[in-house]
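One structure is given below, encoded as structure tokens.
The values are calculated or read from the model by the stated rules, or taken from the named source; none is laboratory data. Every value quoted in this text rests on a predicted model; they were computed, and no experiment measured them. In this analysis, Cβ positions are derived from the backbone assuming ideal geometry, glycine residues included, and neighbour counts consider all displayed protein chains. Just so you know, the surface numbers come from the protein's heavy atoms only, side chains and all, with ligands and any DNA or RNA stripped out. Shrake-Rupley method; radii C 1.70, N 1.55, O 1.52, S 1.80 Å.
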Amino acid sequence: MWKYTEVNAYDSISLHDCRTDDIQTDGNELIINFPDGFWITPVSKHIDHHRSLKTGPSQLRFVGLIEDGVIDSIDLYKTTYLFRKPLFCKRTQPTVADFLTLINDGKYELEFLYEYHKSCSALYKCWIWKKNHGMEYECQFELTAKSIEYRWNEICKDRA
């Protein structure tokens, strides 16, 4: 189904500013679909440009999740403002099922900002956008997997 698959290629693929509203689980796997693709960086063997290029629709697949749950930890942060100044920030820790429902129900999108990788562990810092209303939550989640597969069919040379 996918023309290209790279394993543990987090040094040559970036999820920065990529959005999803489709996260699925399949046994001990987590699958995140990116309808607008993700970024292939210049260090990748798949491009010969000096700048990053976006793929077409793509997928991120975490294989062999090591912990008992699908995601090790999820933190949502909601800041309350008064006269455009932050008043306080509330942290919640939803269950995996609640988090997946929040993203998959069609009202919210998860935008990836930063990703950190170490051995088999990955930490993602994100924003959760309420569709057509702006950013609703700051979010971070961590998971441990044997490998991360990046999958896509095309690299769009006109999307630098």
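Couple of notes before you dig in:
One line per residue, one yes/no per condition, for (1) among the aliphatic types (A, V, I, L, M); (2) in contact with a His (Cβ under 8 Å, 6 or more places away or on another chain); (3) at pLDDT below 90:
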| residue | (1), (2), (3) |
| --- | --- |
| Y4 | no, yes, yes |
| V7 | yes, no, no |
| Y10 | no, yes, yes |
| S14 | no, no, no |
| C18 | no, no, no |
| D21 | no, no, no |
| P35 | no, no, no |
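- Restricting T79, T55, T41 to those that are polar (S, T, N, Q) and more than 27 Å from R159 (Cα to Cα) reduces the list to T79.
- Remark: pairs (first residue in the stretch 105-126, free of Cβ contacts under 8 Å to residues at least 12 places away in the same chain; second residue open to solvent by less than 30 Å² (accessible area, probe 1.4 Å) and not hydroxyl-bearing (S, T, Y); Cβ separation under 8 Å; 6+ apart in sequence or on different chains) = Y116/A122.
- Residue check for T92: touching a residue at least 12 places away in the same chain (Cβ under 8 Å), under 30 Å from K3 (Cα atoms) and out of contact with any His (no Cβ under 7 Å at 6 or more places or on another chain): no
- Listed conditions (1) within 14 Å of the chain's Cα centre (by Cα); (2) on the phi > 0 side of the Ramachandran plot; (3) in a strand (DSSP E or B) are all met by G37, apart from (3).
- Residue in the stretch 44-58 that is within 16 Å of E149 (Cβ to Cβ) and aliphatic (A, V, I, L, M) present: no
- Here D11 fits the description: touching a residue at least 12 places away in the same chain (Cβ under 8 Å), more than 30 Å from K130 (Cβ to Cβ), open to solvent by 80 Å² or more (accessible area, probe 1.4 Å) and not basic (K, R).
- Test for Y137: is it touching a helix residue (DSSP H, G or I) at 6+ places or on another chain (Cβ under 9 Å) and more than 25 Å from D26 (Cβ to Cβ): yes
- Of the set (1) modelled with pLDDT under 95; (2) open to solvent by less than 30 Å² (accessible area, probe 1.4 Å); (3) within 20 Å of N104 (Cα to Cα), all apply to N28 but (2).
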